[in-house]
Amino acid sequence: MINVTKFGYEPGEHEAEKASNSYLMSLIAFIAGLPLPIINLIATLIFYLGNRKGTYFVRWHCTQALLSQLSVLFINSYGFWWTVSIIFTPNEITNQYIAYIIAAVIFNLGEFIATIYTAVQTRKGIHIEWWFYGGLTDLICKSES
Amino acid sequence: MQIGVMKKIFIQGLLLIALFFATWLVFAQVDWMTVFKVHQMTDKTEQKLGELFFDIFKKSEKENVNPFVANCVDSILTKICKENGIDKESVQVHIFDKDEVNAFALPNGHLLIYSGLISASDNQEELSGVICHEIAHIELNHVMKKLVKEVGLSVLISMTTGNGGSEVIKETAKLLSSSAFDRSLEKEADIKAVEYLVQAKINPEPFADFLYKLSANEHEVVKYLTWASTHPDSKKRAEYIIEYSKKKSAEYEAILSVATWEKLKEEIAE
């Protein structure tokens, strides 16, 4: 799921810090806005907008941090509205619902761990590409040179 | 080169989605409701709540212990349950001496009928209709749904553990006796009631007449019309009951003889 690859150049200390921060940003927002799945997306989006003029390494990791929110965003939004419908409408808890919530928790946990790992590694200047999101980021985020 | 990369990313994305759905599907094979004892927990809560609320009515109102009245109502109930495959043990009927035209369901299948309702019924089909409507609420689990929605699960559970406070319990009991369910739940119960009636070979039209009569306020016991006033749009309900029962043509037969019905009314009047 996670690939360690060589980046085009050796990122500097401050670049590594900024890149790592973009993951930390999503982690903090993840904890703060847990019931509302949209919050961590907004937080990473703000960080992305603030850093899109940064160096290539920073830009690349901001983009990956933002994109990686997408899958859990969809999963959590659906789970969120499903829960709301159980509380406020005659819909009842079913096996399907419990299974969905468990699957959602596993995916959130997976993303959470991967984010921590990536934050730590990028802080050391190690370039980490995620399955699917790494490739997607490569398409979106081009080096200026 | 670019197309190849995009294809690879696309496949990776699809795999990611497939992985999620596969995880969901695998977990959905487990019967979580049993694992977490969802049903047992709710059953226990419902049982406790039923006792709690019934106690309140038992203390504040007078229960009718006339065996003839009990037998008559039981005959109607037995017939309805038998013809519809309902476990008769799941419905416990109690008759209270009160002029209010009212009948309502409490948690755990307690069905309370006020003598005023029996007096206000011109024939046994009308009474059977109201009983069927309340049984439908019980069978469709409307009582607990309403309680959870209006009071909240946490308050309900705290009641059963003895931390509820008697005022809260009283107010909640009142909520059940003198307010209707959601419009959609009422309609669902009406439709189900007609099904029960037809299945038990009871003509559903008098049930519609009963609602119509009450909505028209022509009845002598107008001031006690709780059941009709808490159930909104009686006229509309009467209309769709007629509409729905027209589709079901069947032969009808009386449960109680005319003489028995007359005697029941006399006993109630005393």
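Under 5 Å between amide hydrogens, which residues at least 5 positions from B:Phe96 or on another chain qualify, with H placed 1.01 Å from N in the peptide plane?
Those qualifying (amide H under 5 Å, at least 5 residues apart or on another chain) are B:Asn64, B:Ile113, B:Tyr114, B:Ser115.
Let me have the relative contact order for chain B, percent, based on Cα pairs under 8 Å that are six or more residues apart. Walk me through the intermediate numbers first.
On the way: 318 pairs, mean separation 56.5, N = 270.
Relative CO of chain B lands at 21 percent.
May I ask you to evaluate 6.51 cos²θ - 1.76 cosθ + 1.60, the Karplus curve with θ = phi - 60°, for each residue of region B:17-23 and list the ³J(HN,Hα) values in order in whole Hz, giving x for glycine and proline?
With coefficients 6.51, -1.76 and 1.60, one gets 5, 4, 4, 5, 5, 5, 4 Hz.
Select from region A:1-97 those trypsin sites (Lys or Arg not before Pro) which occupy a DSSP coil region and have at most 10 other Cβ atoms within 10 Å, ordered by residue number. The partial results should precede the final answer.
Working: sites: A:Lys6, A:Lys18, A:Arg52, A:Lys53, A:Arg59; in loops: A:Lys6, A:Arg52, A:Lys53.
Passing both the DSSP loop test and the Cβ count: A:Lys6, A:Lys53.
Among the helices of chain A (complete DSSP H runs), which have Cα atoms covering no less than 15 Å along the helix axis and a Kyte-Doolittle mean of at least 0.0? Spell out each step's value before the answer.
Values: long enough: A:13-32 (28 Å, 0.18); A:38-51 (20 Å, 1.76); A:56-67 (16 Å, 0.40); A:69-88 (28 Å, 1.22); A:95-123 (42 Å, 0.88).
Result, helices passing both filters: A:13-32, A:38-51, A:56-67, A:69-88, A:95-123.
Which whole-Hz ³J(HN,Hα) couplings does region B:31-42 yield from phi under the Karplus relation 6.51 cos²θ - 1.76 cosθ + 1.60, θ = phi - 60°, glycine and proline marked x?
3J(HN,Hα) across region B:31-42, in whole Hz: 7, 5, 4, 6, 4, 8, 6, 4, 5, 4, 5, 5.
Need the C-alpha centroid separation for region B:45-70 versus region B:100-134, integer Å.
Here the answer is 14 Å between Cα centres.
Quick check on the protein assembly as shown: helices-only [θ] at 222 nm, where DSSP H runs of length 4 and up contribute -39,500 (n - 2.57) each and the sum goes over total residues. Nearest 500, please. Numbers along the way, then the final one.
Values: 20 runs with 286 residues, N = 415.
Value at 222 nm, helices only: -22500 deg cm²/dmol.
Which number do you get for Rg(Cα) / (2.2 N^0.38 Å) in chain B? Display every interim value, and only then the final one.
Details: Rg = 23.7 Å, N = 270, 2.2 N^0.38 = 18.5 Å.
Rg over 2.2 N^0.38 Å, computed on Cα atoms: 1.28.
Roughly what angle does helix B:183-199 make with the longest principal axis of chain B, taking Cα atoms, 0 to 90 degrees, to the nearest 10?
So the inclination is approximately 60 degrees.
May I ask for the angle, rounded to the nearest 10°, between helix B:205-215 and the longest principal axis of chain B, with both axes built from Cα atoms and the value confined to 0 to 90°?
For helix B:205-215, the angle is close to 80 degrees.
I want to check the label-to-label distance for B:Lys58 and A:Val105. Put each point 7 Å from Cα in the C-beta direction and report it in nm to one decimal.
My value for the distance between the label points is 4.0 nm.
What FRET efficiency comes out for the pair A:Ile28/B:Glu89, r = Cβ-Cβ distance, R0 = 51 Å, nearest 0.05? Don't jump to the answer; show the numbers that get you there.
Working: r = 56 Å, r/R0 = 1.10.
Result of the calculation: an efficiency of 0.35.
Run down the aspartates and glutamates and flag those whose C-alpha is under 19 Å from the C-alpha of A:Lys124, throwing out any fewer than 8 positions away in its chain.
Cα-Cα hits under 19 Å: A:Glu10, A:Glu13, A:Glu15, A:Glu17.
Given R₀ = 51 Å, what would the calculated FRET efficiency be for A:Asn91 paired with A:Ser143, taking r from the Cβ atoms and rounding to 0.05? Mind showing how you got there, number by number?
Values: r = 50 Å, r/R0 = 0.98.
Between A:Asn91 and A:Ser143 the formula returns 0.55.
Mind giving me the FRET efficiency for A:Leu73 and A:Tyr9? R0 is 56 Å, r the Cβ-Cβ distance, nearest 0.05 is fine. Walk me through the numbers on the way to the answer.
Working: r = 32 Å, r/R0 = 0.56.
Computed FRET efficiency for A:Leu73 and A:Tyr9 comes out at 0.95.
Roughly what % of DSSP beta bridges within region B:32-269 run antiparallel, to the nearest 5? Show your work: numbers first, answer last.
Details: 5 of 10 bridges.
Bridges in region B:32-269 that DSSP calls antiparallel: roughly 50 percent.
Where does the longest stretch of chain B lie that holds no chymotrypsin sites (Phe, Trp or Tyr not before Pro) found in a DSSP loop with 16 or fewer other Cβ atoms within 10 Å?
Working: sites that count: B:Phe36, B:Tyr252.
For chymotrypsin sites (Phe, Trp or Tyr not before Pro) (loop position, at most 16 other Cβ atoms within 10 Å), the longest site-free span of chain B is B:37-251.
Any chance you could give the angle, 0 to 90 degrees and rounded to 10, that helix B:234-247 forms with the longest Cα principal axis of chain B?
Once rounded, the angle reads 80 degrees.
FYI, it's all coordinate maths here, none of it is from the lab. Model, not experiment: these values are computed from the prediction. Heads up, the Cβs are rebuilt from the backbone with ideal geometry, glycines too, and the neighbour counts pull from every protein chain shown.
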